[in-house]
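Trainee: Have a look at the structure that comes next, please.
The values are calculated or read from the model by the stated rules, or taken from the named source; none is laboratory data. The model shown is predicted, which means the values in this text are computed figures rather than measured ones. Here Cβ is always computed from backbone atoms with ideal geometry, including for glycine, and neighbour counts include all displayed protein chains.
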C-alpha cells in the first residue's frame with residue numbers, strides 16, 4: 001500500500017459531490033457544465049472550437065444558440081464578409097463564475113452555504129439530502145485537517 005502524502009492535492013476525490021453541488025446550485029446540465037469547462041481557457045472561440053468538443057457529446061441542434069439564450073455564451077464579434085473576420089463568442093461572466101466556483105470548491109474541499117445553495121425544489125429529494133449530508137461531512141473533515149496541519 002502506498003504511503004499517504006498530506007501535501008498531495010487530490011482534486012478529484014470529491015468530483016462527484018462537487019459536480020452535483022454545482023449543477024444543482026446553478027441549475028445547469030452536465031453537458032453544459034462540461035462545455036463550460038472546455039471553453040473556460042479560451043478567451044474567444046468560434047463555431048469550430050465549440051463544435052470540436054460538442055462532437056463528444058450527445059447531438060443537439062443549435063447548442064451554441066441555446067447556451068446564448070440561457071446566458072452562458074455571448075457573441076463577441078459578428079461575422080464580416082468584407083474583412084473576412086469570423087463570428088466569435090465568449091463565455092459570459094455567469095459562466096466564468098460557475099467554473100471558478102467549481103475549481104475553488106475542488107481546491108478547498110469546502111462547500112459554502114450548502115443549505116442555501118441548493119434550489120428549494122430539490123431540498124426534499126432523498127438523493128439530494130444524502131449529498132447535502134455528505135457535503136457537511138466533507139466540510140467537517142476539511143476543517144479538522146486544517147486545524148491539525150502545521151502551517
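Each row is one residue, and each column tells you yes or no for (1) closer than 25 Å to residue 21 by Cα; (2) touching a strand residue (DSSP E or B) at 6+ places or on another chain (Cβ under 7 Å).
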| position | (1), (2) |
| --- | --- |
| 44 | no, yes |
| 52 | no, no |
| 61 | no, no |
| 70 | yes, no |
| 77 | no, yes |
| 83 | no, no |
| 88 | no, yes |
| 108 | yes, no |
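Trainee: Tell me, which residue of region 23-46 that is without any contact (Cβ under 8 Å) to a residue 12 or more places away in the chain and farther than 16 Å from residue 68 by Cβ is surrounded by the most Cβ atoms within 10 Å (Cβ to Cβ)?
Mentor: 23
Trainee: If only one of 56, 30, 39 is touching a helix residue (DSSP H, G or I) at 6+ places or on another chain (Cβ under 9 Å), at pLDDT 90 or above and over 30 Å from residue 145 (Cβ atoms), which one is it? Talk me through it step by step, then tell me what you get.
Mentor: On the way: 56 fails: at pLDDT 90 or above; 30 fails: over 30 Å from residue 145 (Cβ atoms).
Residue meeting the stated conditions: 39.
Trainee: If you check 60, 52, which single one turns out to be loosely packed, with under 14 Cβ neighbours inside 10 Å and not in a helix (DSSP H, G or I)?
Mentor: Of 60, 52, the one residue that is loosely packed, with under 14 Cβ neighbours inside 10 Å and not in a helix (DSSP H, G or I) is 60.
Trainee: Of all the residues that make up region 102-129, how many are more than 17 Å from the chain's Cα centre (by Cα) and either surrounded by 12 or more Cβ atoms within 10 Å (Cβ to Cβ) or modelled with pLDDT of 80 or more (or both)?
Mentor: 5
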